[in-house]
Amino acid sequence: MPAGDLPIWKGRSTRAGEFMSTATLSEGSGQQARESQWAVETHGLTKRFGENVAVNGVELLIPRGCAFGYLGPNGAGKTTLIRVLLGLTHADAGTMSLLGYAVPRHRDAALARVGAIVDEPRFHGHLTGRQNLQLLAAARERAARDRIDPSLERVGILHRADDRVSKYSMGMRQRLGVAACLIGDPQLLILDEPMNGLDPAGMQDMREMILSLVAEGRTVVLSSHLLDEVERTCDAVAIVDRGNVIRQGPISELLAGASLVLEVDCSDPDRARALVAATAIGAADGAEATVEPTGLGVTLPAGTGLDVVAEVNRVLVDGGISVYRLQVVQASLESWFLQVTSRLGESP
Ligand SMILES: Nc1ncnc2c1ncn2[C@@H]1O[C@H](COP(=O)(O)OP(=O)(O)O)[C@@H](O)[C@H]1O
Ligand SMILES: [Mg+2]
C-alpha cells in the first residue's frame, strides 16, 4: 500500500490519564454501527516510534458483551494500542472501528459510547470526587449529570463523594475512574491495567465490578500483564508480544490447545517414569514423563483424551506400582502462554 493511502490521522491532544468522557453525542453515523457484532475491530493496525514497532499489524475482533483481556508483558504495546484506538495518538497504518463506527471518520459518535482509563486515573486532588465528576459531566450530554450519584454508588464510593480526591486511596481513585466512565453510560469500557496498584482485595473488587458491567451487556476491554487476573476476569483474550498479537480467542478454546499435565503420587516415581516413557504414550510427540518432588509428572500433548489418563494408570498398576493419587492438572493460561512464547522462541 503506498504511503499516501495509509489512514494516517491525528487525534486530539488529550494527555494520558485523562478520561475519554468529553466527546459530544452525535447520532446518525450509519446503520453499520448497530449491525456490527464487534465492539472493537482492527485490521493491520500499526504504530511505530522510529524503528520501534509498538503495534505491529494488529488484527483484533472483540465481540460485544464480553470481558476481553489484552495480555502481554511490559513494553508489549498495550497502552500504545489503546491510545491509538482512542485517537490519543495516530496510527501509521491500518483501519479500526469501535462499536461499528469507523474511526477516525466517526470518532465522536464512537467515543460518545466509550469510557476509557488510560494509565493511572488522574483527578484534581483538591476537588471532591463528586466535583471531579461534575466537571467531566459538564462537557457531556445533560443526562450525564444525572448519572453522577448512581455512578458513585455503583462503584461503592458514594459515601466518600464529598471528600477531596487527594485523600483517596489508589483503589478509590480506580473506582472513581470507573465512575467517570459510567457517567457517559458507555457500551464499551477500555481500561488500561485496571489492577495496577491495587491490593488483593482491591483487585477482587475491580474484578467483580468488571464482571457486573459485562453482566449489564457492556463490553470491557482491559489490558494487563497479569496472566492470572486476565484468566480470572476475562472471557476472551489476545496475547501480545512485542507489538504482535500471537493468539486470540475465547480462553476456553485457547486452553483446549494446551497440553495436559498428570500428577501421579505413587510408590516408585523413578520406575514409574521409566514405565511410562517406554510406552507409546510416553514416546508421543509433546509427551514427557518426569520425576517431580510430588511424584511422577506426565505431560501429555494438547487434545489428549481421558482414556490416555486411564491408560497411564493401567501401565503403572500392571507394572506393580502403587498409585495413591492421580490428578489431571488443567493447564492454566499462564502455562499455555509460556508454551506459546517458548515455541515462538524456538522458531522465530
Ligand atoms: N511516546 C513514546 N515514544 C517512544 N516510544 C514509546 C512511546 N510510548 C511507548 N513507546 C515504546 O513502545 C513500546 C510499547 O510501549 P507500551 O505501549 O507502553 O507497552 P505496554 O503498555 O504494553 O507496557 C515500548 O517499547 C515503549 O518504549
Ligand atoms: Mg502500559
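The values are calculated or read from the model by the stated rules, or taken from the named source; none is laboratory data. Being a predicted model, the structure only gives us computed values, none of them experimental. For neighbour counting, all protein chains shown are included, and Cβ atoms are generated from backbone atoms with ideal geometry for every residue, glycine included. For accessibility, only protein heavy atoms count, side chains too; no ligands or nucleic acids. Shrake-Rupley method; radii C 1.70, N 1.55, O 1.52, S 1.80 Å.
So the values come out like this:
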{"item": "Check on Val103, over 30 Å from Gly197 (Cα atoms), surrounded by 21 or more Cβ atoms within 10 Å (Cβ to Cβ) and among the β-branched types (Val, Ile, Thr)", "result": "yes"}
{"item": "In segment 55-71, residue nearest to ligand 1 (Cβ to nearest atom) [restricted to those that are open to solvent by 10 Å² or more (accessible area, probe 1.4 Å) and of a type in the set (Gly, Ala, Ser)]", "result": "Gly57"}
{"item": "Residue within segment 100-116 that is within 16 Å of ligand 1 (Cβ to nearest atom), in contact (Cβ under 8 Å) with a residue 60 or more places away in the chain and either of a type in the set (Lys, Arg) or farther than 20 Å from Ile62 by Cβ (or both) present", "result": "no"}
{"item": "Matching residues, segment 175-208, being touching a strand residue (DSSP E or B) at 6+ places or on another chain (Cβ under 6 Å), within 16 Å of ligand 1 (Cβ to nearest atom) and in a loop (DSSP other than H, G, I, E, B)", "result": "Glu193, Pro194"}
{"item": "Test for Leu136: is it within 18 Å of Arg48 (Cα to Cα) and assigned to a helix (DSSP H, G or I)", "result": "no"}
{"item": "Filter result (within 14 Å of Tyr70 (Cβ to Cβ) and open to solvent by 20 Å² or more (accessible area, probe 1.4 Å)) within segment 214-230", "result": "His225, Leu226, Leu227"}
{"item": "Filter result for Glu35 (more than 16 Å from ligand 2 (Cβ to nearest atom) and at pLDDT 95 or above)", "result": "no"}
{"item": "Residue count for segment 113-154, restricted to those that are within 20 Å of Leu222 (Cα to Cα) and either surrounded by fewer than 23 Cβ atoms within 10 Å (Cβ to Cβ) or more than 22 Å from the chain's Cα centre (by Cα) (or both)", "result": "6"}
{"item": "Asn52 vs. criteria open to solvent by 30 Å² or more (accessible area, probe 1.4 Å) and over 19 Å from the mean Cα position of the chain (by Cα)", "result": "yes"}
{"item": "Candidate set from segment 163-174 (those that are open to solvent by less than 20 Å² (accessible area, probe 1.4 Å) and not aromatic (Phe, Trp, Tyr)); member that is nearest to ligand 1 (Cβ to nearest atom)", "result": "Gln174"}
{"item": "Residue within segment 196-206 that is under 18 Å from the mean Cα position of the chain (by Cα) and within 24 Å of Arg142 (Cα to Cα) present", "result": "no"}
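Each row is one residue, and each column tells you yes or no for (1) at pLDDT 95 or above; (2) open to solvent by 20 Å² or more (accessible area, probe 1.4 Å); (3) not hydrophobic (A, V, I, L, M, F, W, C).
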{"residue": "Pro73", "(1), (2), (3)": "no, yes, yes"}
{"residue": "Thr79", "(1), (2), (3)": "yes, yes, yes"}
{"residue": "Arg83", "(1), (2), (3)": "yes, yes, yes"}
{"residue": "Ala93", "(1), (2), (3)": "yes, no, no"}
{"residue": "Met96", "(1), (2), (3)": "yes, no, no"}
